[in-house]
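The values are calculated or read from the model by the stated rules, or taken from the named source; none is laboratory data. The structure presented is a predicted model; accordingly, all values stated were derived computationally and were not measured. In case anyone asks, the SASA skips ligands and DNA or RNA and just uses the protein heavy atoms, side chains included. Shrake-Rupley method; radii C 1.70, N 1.55, O 1.52, S 1.80 Å.
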Amino acid sequence: MSNPNQPPNELSIVRREPDGPAPMDDVASQMLWLATQRRPWRSLAVVGASQGVPTLEVANMLAKLSWWYRGQPASVADFRDLSLRLVDYQLRDVALQLERDPVTIVIALRSIFENPTVVPVASAVDSAVLCVNLGATAIASARKTVEAIGRDKFLGTIVVRGGETPARNGAGAPG
């Protein structure tokens with residue numbers, strides 16, 4: 001449980017040395033970005049493989065990387081608590097934005113065990129990445145998630161530590 005009186009930890013997929021390269025130009029960020037480029041996509045679902053995976057933080061980092069390397073606007077849609085009643089409406093809105101503007105949309109989703117809307121949303125976008133919590137996500141949960149959405153939808157897996165900070169070397173592992 002976090003203390004609301006403490007400032008939030010700055011979440012990042014990579015840790016930067018004080019005299020190191022710009023946050024988006026370090027090797028770990030570049031490798032993560034390249035791992036997501038296995039096929040073209042403009043809409044990407046960030047799917048938790050189990051409860052409590054910080055998909056919003058990962059989605060924010062991927063949107064920043066997309067804007068940095070593509071030079072086009074990228075936005076994050078927080079669909080973690082999307083109700084089944086609003087799935088079609090939100091997916092139409094995403095499709096309209098993609099049709100209208102040269103943007104990238106990264107969608108944060110919970111696990112299929114927390115919200116049943118994950119499957120239709122992840123199935124409707126161009127690609128997905130699976131987020132697993134190191135030491136907490138069961139392999140069976142990750143497999144069930146990939147089976148429910150479809151293996152061909154996934155670009156790979158991102159490993160996060162402790163439910164808070166994405167791991168440096170987890171990028172691009174097969175989904």
Apportionment of accessible area to carbon and sulfur, segment 68-153, percent (1.4 Å): 52 percent
Heads up, I need the accessible area for residue 141: 1.4 angstrom probe, whole protein in place, Å², nearest 10. 30 Å²
Can you send over the solvent-accessible area of residue 96, 1.4 Å probe, protein chains only, in Å² to the nearest 10? 80 Å²
When the Cα centres of segment 28-54 and segment 57-136 are compared, how far apart do they sit, in Å? 10 Å
Considering only protein heavy atoms, with the full assembly of protein chains and a 1.4 angstrom probe, order 147, 114 by accessible area, largest first. 147, 114
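With a 1.4 Å probe and all protein chains kept in place, how do 89, 69 rank by accessible area, largest first?
Greatest to least solvent exposure: 89, 69.
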In what sequence, largest accessible area first, do 47, 76, 132 appear using a 1.4 Å probe? 76, 132, 47
Taking 0.36 nm per residue of separation and subtracting the Cα-Cα distance, what length does fully extending residue 139 through residue 34 add? 35.3 nm
